[in-house]
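Readers should treat all values here as calculations from the given coordinates under stated rules, not as data from a laboratory. Bear in mind that the values here come from a model prediction, so they are computed numbers and not experimental data. Every residue, glycine among them, receives a Cβ derived from its backbone with ideal geometry; neighbour counts consider all protein chains shown.
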Amino acid sequence: MLAGHLLLNPTNNRFLSALQFRDFRVLWIGSIAAGAAAWALIVARGWLVWDMSGSSLDVAIVTFLAMIPRVIIPPFSGYLADRFERRKVMAGLFSLNLGHNLILAMLIFGGDIQMWHLMTMAFIDGSARSAQMPVGQALVPNLVPRDRLLNAVSLNQATMHGSRLVGPLAILPLLILGIEWAFLLCSGFYLISLIQSLRIRSTSTGNMNMERGFFSNLIEGVPYVYRDPRLRAIVLMAFLHCGFTMSFESILPVLSVKKFGAVEGSDFSLMMMSIGAGALISVIALSGVRKESTKGKMFLNLGLLSGVAPIILALSINMPMAICAAILMGAAQAGYMTLTHTMIQLVTDDRVRGRVGAVYSVHIGGIMASMNLANGALAEMPFLELSFWDGVRNVMPADTMLTAGGLLFVFSVFVSWAFITLRNIYQTGIPIYVPSEAD
């Protein structure tokens, strides 16, 4: 009863205060459905590829094709987000996701599914998903006051990261009944998102200099980001964070099978759900943080924890330990990325939000696509024989990659302290919007 009262009366709860604004509430519900669809699709598609081929490299290729559009598409969707009404752009993209999942479900029901279908459709779905990122990031700050922005971003990130719990949980029984039903469920989630995006009333657009050419307007976000030392530093740390600690989707199936003995997709789904559970706890906790210096300190500490958590997963010797490590990974990584999103929005002018979001998406999407492909290929290697103090052990390549990535990011965070811009952020956070040199 208390939880229901707080959700219906968000003004009484600092953790849910952004939900008092009607259009943000509508978008938030749509984001929950879209996130659930996306993560359910990752689990269902990943397990289907593994079931069809038994190759982590094939899983990596499909994952790469789903992620590589983040390098190609965001500049154009960022341009669209600043040129046209953002809610209408979102509705069009959700329509594309819905059609993709329906076609995929029909192919599986008909028994005609082939690997090239999955690869092609992964690229199409990834294109729509990558286009949504800068559009959604640009839309959120127009739906709430600036002093509620961290709360709104945290709640929006809660839908994305928490859907790692909801999506895989929803399809868990369907993986047993028949994987085709999982793809139909994804279609239902996207239908909800489409309806919600059409219900948003607020008009939100950026601002284009019509005297400049298309290409000049298209790439305006690049100099904007690189001229502002704060944006440049934050985007660089996000780039390293995503490459070293968040590019693990392609190796989870082989990890769950070869290390923990999974025979169905349920263990893979359980690991994804654990990451989602940790993420949900983290971003909800962050939504109540208002002091800037606290945000800065959490940015530093969550960065260190993001590097440590994959190492703990690599050292896990059974599924319960792996679940605990996955919860920790989700909490650290989601918290770090939530603070990253918020700080970018705080220092970005609304006229270029879509294009700045596109630059950010290209950085993190490109590195995650590349690292997932590399990790999946390396996971195909035979076990490594390594010498330890108590003798020689066989070590999975997947464990080695998780450990190396975690150590590299921990090292990166320590090195970042030497740079004045990041050191100031760690100590004081970022004040409410002060125009930068890029404005």
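Observations on the structure shown:
- The PHE419 and ASP112 beta-carbon pair, evaluated with R₀ = 60 Å, returns a calculated FRET efficiency of approximately 0.65.
- Projected label points at VAL222 and SER293, each 7 Å from Cα along the beta carbon direction, are separated by 4.0 nanometres.
- Restricting the range 12-66 to trypsin sites (Lys or Arg not before Pro) that sit in a DSSP loop and have at most 14 other Cβ atoms within 10 Å of their own Cβ leaves ARG14.
- Simple spin-label estimate for ALA404 and ASP349 in nanometres, 7 Å along Cα-Cβ: 4.4
- Using the Cβ-Cβ distance between ARG22 and ILE317 with R0 set to 56 Å, the FRET efficiency from 1/(1 + (r/R0)^6) comes to roughly 0.65.
- Estimated vicinal HN-Hα couplings, Hz - the range 134-151 in sequence order (Karplus 6.51, -1.76, 1.60; Gly, Pro = x): x, 5, x, 5, 6, 6, 3, x, 8, 9, 9, x, 4, 6, 9, 5, 4, 4
- Full-stretch length increase - LEU198, PHE76 - with 0.36 nm per residue and alpha-carbon distance subtracted: 41.8 nm
- Within the range 26-74, chymotrypsin sites (Phe, Trp or Tyr not before Pro) in DSSP loop having at most 10 other beta-carbon neighbours inside 10 Å: none
- Here the range 94-150 has an Rg and Dmax of 16.5, 53 Å, counting Cα atoms alone.
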